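Student: Quick one: the structure is below, questions incoming.
Bear in mind these aren't lab numbers, they're just calculated from the coordinates by the rules spelled out. Here the structure is a predicted model, which means the values were calculated and not measured. Methodologically, a virtual Cβ is constructed for each residue, glycine included, from the backbone with ideal geometry; neighbour enumeration extends over all protein chains shown.
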Amino acid sequence: MPRVLIAAIGAAMLLMFLGPRVIRWLRDHDVGQFIRPQGEIPDAHAEKQGTPTMGGLLIIIAMAVPFLILSSHSTAAMLVLSTTLACGAIGFIDDWMKIVKKRSLGLSGRWKMLGLVVIAVALAVLAVRVVGVPTTIDFHVVAYSLEIGPIAFGVVVFLVLAGATNAVNLTDGLDGLAAGTMAIALLAYVGMTFVVTGQRDLAILAACLMGACVGFLWFNSYPASIFMGDTGSFALGGAIAALAVMTKTEVLLIFIGGVFVIEALSVMVQVLVFKRTRRRVFLMAPVHHHFEMAGWSETKIIVRFWLIALVFAGIGFTLFFRTLPA
């Protein structure tokens, strides 16, 4: 338990120490956020143009250093770390292209998906053959496991990875929304991995990620001094997806990351309904922009979404232990 606590506190403190220096460097080198054209986001977001981005690098460094110091470098935990770094690399390339081209569009969707396919295949193969993760789907809502075989398992891993990275990326639209929601989801994983024998390193890694998110909120809370960018959202999405694979909570991730699921679904529903009826379900998608357009303040939306995330994480945490073998 002490190492898990030290990991979380160490990651948070390291990020808060590095934060001002990195933000200053990003400002000096004009590494700022490019806002999407008017009409694609609420008008109030125009004032965020130029805010330093790529803060995901801070999260990755603050997470990795205490983890490498405090953990025993188990294969499962190192595989989660590698997935986090690989997904973060995709986000970094995307952010860098936006900065170089000085526009809001970076790496194309097909290249992102290709990168995620490669990462998912590597994650699935190593999880099964090296770590020994069973090729099953554990439902947890009911105490039932379904054997699906290695190929179908690889497809599931890709869907979880692609879904998580893109859902976190969509959620990262308000100051502190993605970081705070992710910290809550990771807290659930700290609890779940800590009480399971042999998963202490996963608990330490989840604690480091959670601590880094909390430390990042010091600078990312409204009004944000820095954004995590795709570097951060893809890294965090990859991390929580890999944790789900290692703990056999792929289905349960729907609850643990409930806010991310809602954000992604809101976009899917908006697009599908508009294509069929030319009408909009939401004033703007993802759904947090809908509430902005409805007149809610940014801080009200963020806090209420955090509260919803707590409820979802609590449900996921409860379901996990309810279906554990006696």
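Student: Taking the Cα centre of each part, how many Å lie between region 138-157 and region 252-326?
Tutor: 24
Student: What does the convex hull of the Cα atoms come to per residue for region 2-322, in Å³?
Tutor: For region 2-322, the hull spanned by Cα atoms encloses 129 Å³ per residue.
Student: Between 113, 13, 228, find the one with the highest GNM mean-square fluctuation for the chain; connect C-alpha pairs within less than 10 Å.
Tutor: Fluctuation is largest for 113.
Student: Could the peptides 305-317, 205-217 be put in order, highest first, of the mean number of other beta-carbon atoms found within 10 Å of their residues?
Tutor: 205-217, 305-317
Student: Past 24 Å, Cα to Cα: identify those pairs from 102/300; 48/102; 248/300, in the order given.
Tutor: Those over the limit are 102/300; 248/300.
Student: So if R0 is 35 Å, what FRET efficiency would residue 73 and residue 307 give, r being the distance between their Cβ atoms, rounded to the nearest 0.05?
Tutor: The computed FRET efficiency comes out at 0.45.
Student: Would you list which lysines come within 27 Å of residue 275, measuring only between C-alpha atoms, while excluding same-chain residues fewer than 8 positions from it?
Tutor: Once the sequence-local lysines are set aside, what remains near residue 275 is 112.
Student: Connecting C-alpha atoms closer than 10 Å in a GNM of the chain, tell me which of 128, 31, 100 has the biggest fluctuation.
Tutor: 100
Student: Another question about this same structure. Between residue 297 and residue 267, what length comes free when the chain is fully extended (0.36 nm per residue of separation minus the Cα-Cα distance, one decimal in nm)?
Tutor: Extra length available between residue 297 and residue 267 comes to 8.7 nm.
Student: For region 179-213 and region 46-86, compute the distance between their C-alpha centroids and round to whole Å.
Tutor: Taking the Cα centre of region 46-86 as reference, the centre of region 179-213 is 13 Å away.
Student: Now, a different point. Tell me what the chain gives for mean residue ellipticity at 222 nm when only DSSP H runs of n ≥ 4 count, each as -39,500 (n - 2.57), the sum divided by the residue total, rounded to 500 deg cm²/dmol. Walk me through the numbers on the way to the answer.
Tutor: Working: 12 runs with 223 residues, N = 326.
That calculation yields -23500 deg cm²/dmol at 222 nm.
Student: Going by how many other beta carbons lie within 10 Å of each one, how would you line up 292, 147, fewest first?
Tutor: By the 10 Å Cβ count, ascending: 147, 292.
Student: Quick one: length gained pulling residue 155 to residue 318 fully straight, 0.36 nm per residue minus the C-alpha distance?
Tutor: 56.0 nm
Student: If you don't mind, there's one more thing I want to ask. For the chain, list the DSSP H helices whose alpha carbon atoms reach 30 Å or more along the long axis and whose average Kyte-Doolittle value is 0.0 or above?
Tutor: Going by DSSP H runs, the hits are 2-28, 75-101, 149-171, 298-322.
Student: Just to be sure I understand: with springs between alpha-carbon atoms less than 10 Å apart, which residue in 261, 121, 130 has the highest mean-square fluctuation in the Gaussian network model of the chain?
Tutor: Most flexible of the set in this elastic network: 130.
Student: Another question, if that's okay. Can you give the FRET efficiency for residue 82 and residue 136, using 1/(1 + (r/R0)^6), R0 = 22 Å, r = Cβ-Cβ distance, to the nearest 0.05?
Tutor: 0.45
Student: Note the full-extension length gain between residue 280 and residue 30 as 0.36 nm times their separation in residues minus their Cα-Cα distance, in nm to one decimal. Write down the numbers at each step before the final one.
Tutor: On the way: separation 250, 0.36 × 250 = 90.00 nm, distance 3.70 nm.
So the extension gain works out to 86.3 nm.
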